[in-house]
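Just so you know, all these numbers are worked out from the coordinates, no wet-lab data involved. On a predicted model such as this, the values are computed, not experimentally measured, just so you know. Methodologically, a virtual Cβ is constructed for each residue, glycine included, from the backbone with ideal geometry; neighbour enumeration extends over all protein chains shown.
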Amino acid sequence: MVSDRFYAKFSNTVGARGLRWIGKLNAPAYRLSGGRIGAKVGDAPVLLLTTTGRKSGELRTAPVVYLERGDAMILIDTNAGNEKLPGWSHNLKAKPVAEVLVGRRKLEVIARVAAGTEREELWRACNDQYGGFDEYIGWMKRIPSVWVLEPVGTAQPEAEEDGDVGTTRESAAAQGDVGPLDII
């Protein structure tokens, strides 16, 4: 059996452009075979993630290694150790609704970035499944995000942030937080 370290080195060697080409070949094979071809990297399963392009608005599909955790799917945006973020990560930040294909099963999902102890726990679990992530971290200057994709209808509401993040002066005025002159 080929080691995770081999896959990590190979995927990093082909670079971001090479990964895009491999993905373009992998996605149709995965779809046509119902996930029997292109469904694994070592022992780690692969899903097809379809996001909406943040600039183009077009649907973009990429094969991504994932960890199944209950109903959720966990992804890490290492881009095979390349410094450049994968396009799907940018797209999820802009629009966190996506579609995943696991074998023949299609699901609409809501994405969020894990933080704190949840991120640490999920990072360790992903590395237990595919050791390549630890290899990638040594090659990168950025800290990869750990994404949690939850099927629509089962997604946990995000915790509200402290302060007035995202509020407008008008809504603050309606709550009595500012006077009428603050709105002008």
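Test G42 against the criterion of being in contact (Cβ under 8 Å) with a residue 12 or more places away in the chain, crowded, with 17+ Cβ neighbours inside 10 Å and over 16 Å from P151 (Cβ atoms), and give yes or no.
yes
Conditions (1) under 20 Å from A39 (Cα atoms); (2) without any contact (Cβ under 8 Å) to a residue 60 or more places away in the chain; (3) out of contact with any His (no Cβ under 7 Å at 6 or more places or on another chain), marked per residue:
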{"position": "K55", "(1), (2), (3)": "no, yes, yes"}
{"position": "T61", "(1), (2), (3)": "yes, yes, yes"}
{"position": "V64", "(1), (2), (3)": "yes, yes, yes"}
{"position": "L67", "(1), (2), (3)": "yes, no, yes"}
{"position": "I74", "(1), (2), (3)": "yes, no, yes"}
{"position": "T78", "(1), (2), (3)": "yes, no, yes"}
{"position": "N82", "(1), (2), (3)": "no, no, yes"}
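Listed here are the residues, each with its yes/no results for (1) among the charged types (D, E, K, R); (2) touching a strand residue (DSSP E or B) at 6+ places or on another chain (Cβ under 6 Å); (3) farther than 15 Å from I74 by Cα.
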{"site": "L101", "(1), (2), (3)": "no, yes, no"}
{"site": "R105", "(1), (2), (3)": "yes, no, yes"}
{"site": "E108", "(1), (2), (3)": "yes, yes, no"}
{"site": "E118", "(1), (2), (3)": "yes, no, no"}
{"site": "E121", "(1), (2), (3)": "yes, no, no"}
{"site": "N127", "(1), (2), (3)": "no, no, no"}
{"site": "D134", "(1), (2), (3)": "yes, no, yes"}
{"site": "M140", "(1), (2), (3)": "no, no, yes"}
